[in-house]
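*Asks:* The structure under discussion is supplied below as structure tokens; questions concerning it will follow.
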Amino acid sequence: MSNTFYLTTPLYYVNGLPHVGHTYTCVVADAIARYKRMCGLKVCSLTGTDEHGLKIERAARQQGMTPQELTNTYATAFEEAWRGFGLSFDEFIRTTQKRHRKAVVEIFKRIQKNNFIYLGEYSGHYCVNCEAYVPENKKTCPDCGRSTEFMTEKSYFFKLSAFQEKLLNFYDDNPKFVIPATRMNEIVSFVKGGLKDLSISRTSFRWGIPVPGDEKHIFYVWFDALTGYLSGIGFGGQSKKFGRYWPADVQLIGKDILRFHAVYWPAFLIAAGLEPPRHILVNGWWTAEGQKMSKSRGNTITAEELMELTQPDYVKYFLLREIAVGADGNFSYDLLLTRVNSDLANDLGNLASRTLKMIDNYSQGKIPECGEAEGRDEELKEFSTETIDLYRKNFDSLQINKAIDNVWELIALVNKYIVANEPWALARDPLKEGRLGTILYHSAEALRIIAILLAPIIPAGAASILKQLGISKAIEDLKITNLSWGGLKKGAAIGKIDAVYPRLDPDEFMSRVRERERHRETAAPEKEGAKAISLEERIQIKEFAKVEMRVGKILSAERIPQSEKLLKMQVDIGSEVRQIVAGIGKEYSAESLPGRFVAVVTNLRPAKLMGVQSDGMIVAASDEGKPVLVTFTEPVRLGARLK
């Protein structure tokens, strides 16, 4: 049996900031990786960003940026989010990296050598948003509902039609390839319906990896992105890591990209002479307060918002406990508050606090000697052993919420055990010192087991409990495979006692939540066409002519201290250089602006923003709440007036 374990998240498309759905998948991946490490396996976990395609090329052009500048901004946001949550990934692959380009070229050459690639022509309706052609006679995308564009272009094709029987045989041999089973059935049904050859290159855009030997063709974004699972561990290079870790043991995805991962991906791999992954674990979708999340509604819960309002362990616990892996979930701050106060503060926090305080008060701060066990003691010991077994069985089958349920059943039993035995009453009778020690030892030992089992789920809190129990080993060195009753050293001193999970004040917490929601709603874009402009509201040309807009060139830009958004710029408008302050600092770095041609309102009265004089205004569109600079695609004279 292999002693390695390789798991991946999807490579997230860089068309927005990381949100609760992305966070959930990475939290699941992190929990699995931590658990497998504690089982003694050498784990490699990978996440990353998918950065090519027509959608990125267009978005960058609209924002007056290069595609690389745009993708750098979003890729950094993802990396910082996972770092903020304490999610540890061994590899972060970006599809714009050189190592990835090498891997894409290598897998293409292998498939081409095996005669599964040919040059042809493709016509059809293409969804720019999903980077995919839609079924024949469909003018709207079945996945996102957006309108499509009709395209005809030369294309390299992958002979997917040759893999219908191969894939069905593979599914028969690997019935748990896709988890849960309902998704596996969905894929089998799709493949049985027949497969058509797949276009894997485009000539309609340039932002991507060129096909070797025919560089006017750019690889189809999914052929490109899927290869990231290989490039991240050294495929196409000299790395021994690929041979050590491939095939992937678990690949986590959302249900919207199931077909790409469960049909195209194994077909590509088989065609290249590579083994498909062992399991595809399909997550559901998250709603917010029962509603689908969208930028236009202003209800998208970002990773940044979660970090601002609460701590990582609270988010991890809620996401992992609330739903079964594979099911749809509903994110609610009310539900999170209830989970934190009821489960973490009341159940676990109080158990840890009173157990440790009783050892401090009744046993001089040392783990007591354990006397002869009685009925309830044996029951607690046996239940703890059974919990370890059930927990491992559920975690191994990726039923993480059930594994957490097992631990909470043990927490409930220990709390009942303490109440039933009343150690505080025994402490008043010197003749009961031996019995008191036995109860305190059993309570502390059960707490030790609980903390180790929870380490993959809530690592910060688990580490705190173990440290307070006087255990100096790092969590990574505590192996669940060796976990059994009796690990506490009698006579060892406990650590300093601190509250592990203090209760959240409901009024204070929900007040901060409501304030954040108001901020989201304010930043939400107005729906196009939501309100028609009446004739009475329209202005005359002479009124518009009062606004003087001219072409300007940004010479320099710098951030204004103590402001996240404001940038101070020197702008040449042809006749003079103006100092202008603009609130675009979250979307544009100061370094990216010098040299850009922009539209400037030049006849505004000067104003002060945070004490800094601003003489004019940079013109920008509001795209889903974010400023996008108005710029020029053709040469234009400085100072030329916009009319």
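*Asks:* Could you tell me how many of the residues in the range 115-152 are of a type outside the set (K, R) and over 26 Å from L269 (Cβ atoms)? Step through it out loud before you land on a result.
*Replies:* The first filter runs over the range 115-152 and keeps only residues of a type outside the set (K, R), leaving 115-137, 140-145, 147-152.
Cutting the leftovers down to over 26 Å from L269 (Cβ atoms) gives us 121, 123, 125, 128-129, 136-137, 140-141, 144-145, 147-152.
Residues flagged as of a type outside the set (K, R) and over 26 Å from L269 (Cβ atoms) within the range 115-152 amount to 17.
*Asks:* Pick out the one residue from E289, E305 that is at pLDDT below 95, of a type outside the set (A, V, I, L, M, F, W, C) and under 16 Å from the mean Cα position of the chain (by Cα).
*Replies:* Working: E289 fails: under 16 Å from the mean Cα position of the chain (by Cα).
The match here is E305.
*Asks:* Sticking with this structure for a sec: If you take just the helices (runs of 4 or more DSSP H) that sit entirely in the range 183-294, which of them hold at least 3 residues that are in contact with an Asp or Glu (Cβ under 8 Å, 6 or more places away or on another chain), of a type outside the set (K, R) and buried (at least 22 other Cβ atoms within 10 Å of the Cβ)?
*Replies:* 221-226
*Asks:* Can you pull out every residue in the range 1-22 that is open to solvent by less than 10 Å² (accessible area, probe 1.4 Å), aliphatic (A, V, I, L, M) and within 22 Å of Y391 (Cα to Cα)?
*Replies:* Passing the criteria: only L7.
*Asks:* Sticking with this one: For the subset of the range 558-586 comprising residues that are touching a Ser or Thr at 6+ places or on another chain (Cβ under 8 Å) and either β-branched (V, I, T) or part of a loop (DSSP other than H, G, I, E, B) (or both), which member is nearest to T66 (Cα to Cα)?
*Replies:* Top of the filtered list is G585.
*Asks:* Which number in (1) closer than 26 Å to L119 by Cβ; (2) of a type in the set (S, T, Y); (3) out of contact with any Phe, Trp or Tyr (no Cβ under 8 Å at 6 or more places or on another chain) marks the one condition that T300 misses?
*Replies:* (1)
*Asks:* For A77, state whether it is over 30 Å from I218 (Cα atoms), surrounded by fewer than 24 Cβ atoms within 10 Å (Cβ to Cβ) and out of contact with any strand residue (DSSP E or B) (no Cβ under 6 Å at 6 or more places or on another chain). Step through it out loud before you land on a result.
*Replies:* Working: over 30 Å from I218 (Cα atoms): no; surrounded by fewer than 24 Cβ atoms within 10 Å (Cβ to Cβ): yes; out of contact with any strand residue (DSSP E or B) (no Cβ under 6 Å at 6 or more places or on another chain): yes.
So A77 does not fit the description; no.
*Asks:* Only one of (1) at pLDDT 95 or above; (2) surrounded by fewer than 21 Cβ atoms within 10 Å (Cβ to Cβ) fails for D313. Which number is that?
*Replies:* For D313, the failing item is (2).
*Asks:* Picking from T633, T602, which residue would you name as being open to solvent by less than 60 Å² (accessible area, probe 1.4 Å) and of a type outside the set (D, E, K, R)? Reasoning before the result, please.
*Replies:* Working: T633 fails: open to solvent by less than 60 Å² (accessible area, probe 1.4 Å).
Exactly one residue qualifies, and that residue is T602.
*Asks:* Looking at T47, T25, which one is buried (at least 18 other Cβ atoms within 10 Å of the Cβ), at pLDDT 95 or above and touching a Cys at 6+ places or on another chain (Cβ under 7 Å)?
*Replies:* Exactly one of T47, T25 is buried (at least 18 other Cβ atoms within 10 Å of the Cβ), at pLDDT 95 or above and touching a Cys at 6+ places or on another chain (Cβ under 7 Å), namely T47.
*Asks:* Considering only the range 261-308, state which residues are among the aromatic types (F, W, Y) and touching a residue at least 40 places away in the same chain (Cβ under 8 Å).
*Replies:* Across the range 261-308, the qualifying residues are Y264, F268, W285, W286.
*Asks:* Sticking with this structure for a sec: When the residues of the range 133-179 are filtered to those that are small (G, A, S) and over 30 Å from S294 (Cβ atoms), which remaining residue is surrounded by the most Cβ atoms within 10 Å (Cβ to Cβ)?
*Replies:* Looking at residues that are small (G, A, S) and over 30 Å from S294 (Cβ atoms), I get S155.
*Asks:* While we're here: Tell me, please, whether a residue that is within 34 Å of the chain's Cα centre (by Cα) and open to solvent by less than 10 Å² (accessible area, probe 1.4 Å) can be found in the range 436-444.
*Replies:* Scanning the range 436-444, I find no residue that is within 34 Å of the chain's Cα centre (by Cα) and open to solvent by less than 10 Å² (accessible area, probe 1.4 Å), so the answer is no.
*Asks:* State which residue is surrounded by the fewest Cβ atoms within 10 Å (Cβ to Cβ) when the search covers only the range 316-332 and only residues that are at negative phi and among the small types (G, A, S). Please lay out each step first, then the result.
*Replies:* So in the range 316-332, the residues at negative phi come out as 316-325, 327-332.
Subset that is among the small types (G, A, S): 324, 327, 329, 332.
Working: A324: 14, A327: 12, G329: 19, S332: 18.
In this case the residue turns out to be A327.
*Asks:* Is the range 30-44 home to any residue that is within 27 Å of C130 (Cβ to Cβ) and crowded, with 18+ Cβ neighbours inside 10 Å?
*Replies:* Within the range 30-44, none of the residues are within 27 Å of C130 (Cβ to Cβ) and crowded, with 18+ Cβ neighbours inside 10 Å.
*Asks:* So how many residues does the range 107-127 have that are hydrophobic (A, V, I, L, M, F, W, C) and either part of a strand (DSSP E or B) or open to solvent by 20 Å² or more (accessible area, probe 1.4 Å) (or both)?
*Replies:* Going through the range 107-127 one residue at a time, the tally reaches 4.
*Asks:* Further question: Output the number of residues of the range 490-505 satisfying the condition of being within 23 Å of A460 (Cα to Cα) and more than 27 Å from the chain's Cα centre (by Cα). Quick ask: steps written out before the conclusion?
*Replies:* Of all residues in the range 490-505, those within 23 Å of A460 (Cα to Cα) come to 492-505.
Next cut, more than 27 Å from the chain's Cα centre (by Cα) only: 492-499, 505.
Result for the range 490-505: 9.
*Asks:* With the requirement that a residue be closer than 28 Å to R520 by Cα and touching a Leu at 6+ places or on another chain (Cβ under 9 Å), what does the range 601-615 give you?
*Replies:* Selection gives L609, M610, V612, S614.
*Asks:* Sort out which residues of the range 576-619 are of a type in the set (D, E, K, R) and touching a residue at least 60 places away in the same chain (Cβ under 8 Å), and write them in order of number.
*Replies:* Scanning the range 576-619 gives E587, R596.
*Asks:* Out of the range 453-468, which residues are within 28 Å of the chain's Cα centre (by Cα), part of a helix (DSSP H, G or I) and in contact (Cβ under 8 Å) with a residue 40 or more places away in the chain? Please lay out each step first, then the result.
*Replies:* Of all residues in the range 453-468, those within 28 Å of the chain's Cα centre (by Cα) come to 453-465.
Then drop every residue that is not part of a helix (DSSP H, G or I), which leaves 453-454, 459-465.
L453, L454, P459, A460, G461, I465, listed by residue number.
*Asks:* Tell me, which helices (runs of 4 or more DSSP H) wholly within the range 301-342 include 1 or more residues that are closer than 23 Å to I253 by Cβ?
*Replies:* The qualifying helices (runs of 4 or more DSSP H) are 303-309, 312-322.
*Asks:* Would you mind finding the one in D405, D343, D429 that is of a type in the set (D, E), surrounded by fewer than 17 Cβ atoms within 10 Å (Cβ to Cβ) and within 24 Å of A327 (Cβ to Cβ)?
*Replies:* Going through D405, D343, D429 in turn, just one is of a type in the set (D, E), surrounded by fewer than 17 Cβ atoms within 10 Å (Cβ to Cβ) and within 24 Å of A327 (Cβ to Cβ): D405.
The values are calculated or read from the model by the stated rules, or taken from the named source; none is laboratory data. Being a predicted model, the structure only gives us computed values, none of them experimental. Neighbour counts run over all protein chains shown; Cβ positions are idealised from the backbone, glycine included. For the accessible areas, the whole protein counts, side chains as well, though only heavy atoms, and no ligand, DNA or RNA atoms are used. Shrake-Rupley method; radii C 1.70, N 1.55, O 1.52, S 1.80 Å.
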